[in-house]
Structure formats: C-alpha cells, structure tokens
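Novice: The following block contains the structure, expressed as structure tokens.
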Ligand SMILES: Nc1ncnc2c1ncn2[C@@H]1O[C@H](COP(=O)(O)OP(=O)(O)O)[C@@H](O)[C@H]1O
Ligand SMILES: [Mg+2]
C-alpha cells in the first residue's frame with residue numbers, strides 16, 4: 001500500500017524556486033532514503049510534506065488523505081512524525097521530560113504514559129535512566145532518545161532529517177540498526193541523508209535530489225550500481 005505520495009511539488013522562497021516538480025512515494029513498511037548534497041532542497045521538501053511550507057503547486061497524499069497545505073499539528077495527528085536536523089534534544093531536561101515533549105498534542109498527551117512504556121520496551125536503557133538529563137547521555141543513548149521522542153506522537157511514518165550527521169561511523173551503524181528494529185516493529189521510515197554509503201545499506205529504495213530536482217531513483221541495489229551515484233556520492 002502507498003503510504004505517502006508526493007506529486008509534482010514546486011516550492012519557492014520568495015521568487016526563488018527551490019523544488020522543481022518533485023514526485024516520490026513511500027510504501028508501508030519501507031525504509032526510503034532521500035540523498036543529496038548540502039543545499040539540494042532536502043529539508044525544504046520535508047518541511048513542505050509536514051506542512052511548515054506551502055507549495056506553489058503539487059500535492060501530498062498520506063494514507064489516502066490529501067494533506068497538502070494542512071497545518072503541521074493536523075499532519076502530526078494523522079500519523080507523521082518528524083525529527084528535525086540539528087538540536088534534537090533538550091539537554092537540561094531528563095529523558096522522561098524529553099519524551100513528553102514529543103506528545104504535546106492533545107490526543108497524544110492523554111496516552112503519553114502508554115506511549116512512553118512502548119518506547120521503553122524498544123529502548124530499555126532509556127527506562128533505567130529516565131531521570132537522567134539528556135546532556136549526560138552517551139551518543140547511542142541520545143539517538144535512542146531522539147527516536148523515542150519521535151515515537152511519542154504515535155506515528156505510522158517517521159522522517160529523520162540527517163540523523164547521522166556528525167556521528168562517528170560506528171554510531172551511524174548503531175543508529176541505523178535501531179531504525180531497522182523500529183521498521184521491523186511496524187514503523188515506516190523516510191531518511192534524509194548525506195551519508196549515502198551507509199544509508200543505502202539499510203534503505204529499501206532511494207531518491208537522489210540535485211538542485212531541487214529528483215534526478216534518479218530506484219532500489220538501493222540499483223543506485224549502488226549507478227555510475228552517477230558511484231561517482232558523485234560514493235567516490236568510486
Ligand atoms: N528560509 C529560507 N529562505 C530562503 N532560502 C532558503 C531558506 N531555507 C533554505 N533556503 C535555500 O533553499 C535551498 C535548499 O535548502 P535546504 O532545503 O535547507 O537544503 P538541504 O536540506 O538539502 O541542505 C538552499 O539554497 C538554501 O539556501
Ligand atoms: Mg537540510
């Protein structure tokens with residue numbers, strides 16, 4: 001089943017067009033990655049899908065609902081969650097408080113205790129350390145907490161914007177393993193990555209965004225074989 005379908009999105013900042021006729025889709029249970037260099041328009045696309053930016057034209061459909069132009073809180077309540085680039089955690093808040101920040105919408109707030117227990121089942125280390133401040137956590141624990149916070153709104157589809165950015169390769173691997181575990185437990189995942197090499201290892205399919213246009217897409221295996229991807233992103 002198609003979970004997300006993006007069709008012919010055109011997006012501008014003022015007079016400057018940043019996304020050109022972008023189309024892509026995500027099926028239930030997949031890990032899909034959008035790769036592209038800095039400035040390609042990846043975050044802009046994500047912000048458009050999640051309702052933070054209005055497209056000039058095109059549409060976004062999620063589980064059969066046309067969500068184009070809906071406010072972000074309604075999109076979250078329909079089941080899309082979003083881990084933004086950079087500053088993901090509140091360093092001076094405890095694990096528990098950070099998780100609660102992920103369930104601030106009314107429908108999620110009333111079930112936050114149950115959701116938190118679910119997160120603790122996925123990541124038992126967070127349960128042991130629930131009172132500990134986020135700034136004192138190890139790199140791996142921070143990643144668990146960031147993912148856990150994303151789960152607190154009860155999403156079906158989660159976007160992770162540059163989850164691996166700035167992490168050592170070993171921690172990237174660990175984080176991607178966590179994503180696979182979440183996918184195996186029913187979450188559909190959309191990654192935005194500059195780490196093409198490692199993200200193609202876990203993704204089912206991939207799209208390549210260059211200067212605001214999707215220039216190539218296919219299974220991860222197909223993209224790993226593509227001359228363009230090998231030269232431009234894998235350095236081989
Ligand atoms: N709020 C904004 N106003 C104007 N231009 C922006 C804004 N945000 C991003 N841009 C520009 O849009 C382009 C795409 O940016 P972005 O979506 O952040 O790319 P990526 O996430 O792939 O690095 C860049 O040229 C960037 O400078
Ligand atoms: Mg970005």
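Novice: What share of Cα pairs, in percent, lie more than 16 angstrom apart in region 133-212?
Specialist: When all Cα pairs of region 133-212 are counted, 51 percent exceed 16 Å.
Novice: If you average the sequence gap of Cα pairs under 8 Å that are 6 or more apart and divide by the length of the chain, what percent do you get for the contact order?
Specialist: 27 percent
Novice: To the nearest 0.05, how large is the calculated FRET efficiency for residue 38 and residue 135 if R₀ is 41 Å and r is the Cβ-Cβ distance?
Specialist: Here the calculated transfer efficiency is 0.90.
Novice: Report relative contact order for region 84-224 in percent, whole number only (criteria: Cα-Cα under 8 Å, sequence separation at least 6).
Specialist: Averaging sequence separation for qualifying contacts and normalising by length gives 22 percent for region 84-224.
Novice: Can you give the relative contact order of region 100-181 as a percent, counting alpha carbon pairs under 8 Å and 6+ residues apart?
Specialist: 38 percent
Novice: In what sequence do 90, 123 fall when counting other Cβ within 10 Å, fewest first?
Specialist: Placing the least packed residue first, the sequence is 90, 123.
Novice: At a Förster radius of 22 Å, what calculated FRET efficiency corresponds to the Cβ-Cβ distance of residue 194 and residue 13, to the nearest 0.05?
Specialist: In this case the efficiency is close to 0.60.
Novice: Give me 180, 193 sorted ascending by neighbouring Cβ count inside 10 Å, so fewest comes first.
Specialist: Ascending Cβ contact count within 10 Å gives the list 180, 193.
Novice: Over region 70-119, what portion of Cα pair distances is larger than 16 Å, expressed as a whole percent?
Specialist: 47 percent
Novice: Cut-off is 10 Å between beta-carbons; in what order do 136, 68, 44, 61 appear when sorted fewest neighbours first?
Specialist: By the 10 Å Cβ count, ascending, the order reads 136, 61, 68, 44.
Novice: On to the next question. Starting from the 7 Å offset along Cα-to-Cβ, what nm value, one decimal, do you get for the label separation of residue 177 and residue 215?
Specialist: 3.4 nm
Novice: Just from its helices, what would the mean residue ellipticity at 222 nm be for the chain, if runs of 4 or more DSSP H residues each count -39500 (n - 2.57) and the sum is divided by every residue, rounded to the nearest 500 deg cm²/dmol?
Specialist: -10000 deg cm²/dmol
Novice: Taking every pair of alpha-carbon atoms in region 90-163, give the share separated by more than 20 Å as a whole percent.
Specialist: Taking all Cα-Cα pairs of region 90-163, the fraction more than 20 Å apart is 22 percent.
Novice: Estimate the FRET efficiency between residue 57 and residue 90 by the formula 1/(1 + (r/R0)^6), using the beta-carbon distance for r and 35 Å for R0, to the nearest 0.05.
Specialist: Approximately 0.40, to the nearest 0.05.
Novice: A follow-up question, please. What three numbers, in Å, describe the spread of the alpha carbons of region 58-181 along their principal axes, ordered from the longest?
Specialist: Largest to smallest, the principal-axis extents are 41, 34, 25 Å.
Novice: Now for a different question. Percent antiparallel among DSSP beta bridges with both residues in the chain, to the nearest 5?
Specialist: The antiparallel fraction comes to roughly 55 percent.
Novice: Measuring from the lowest to the highest alpha carbon on each principal axis, how far does region 187-236 reach, largest first, in angstroms?
Specialist: That works out to 32, 23, 17 Å along the principal axes.
Novice: Quick check: convex hull over the Cα atoms of the chain, volume per residue in Å³, rounded to an integer?
Specialist: Dividing the Cα hull volume of the chain by its residue count gives 120 Å³.
Novice: While we're here: With viscosity set to 1.567 mPa s and temperature to 4 °C, compute the Stokes-Einstein D of region 1-90, Rh being the Kirkwood radius across alpha carbon pairs; µm²/s, no decimals.
Specialist: Using the Kirkwood radius from Cα pairs, D works out to 94 µm²/s.
Each value in this text was obtained by applying a stated rule to the coordinates, not by laboratory testing. Because the structure is a prediction, the values reported are computed rather than measured. Counting neighbours? That spans all protein chains shown, and the Cβs are built from the backbone with ideal geometry, glycine included.
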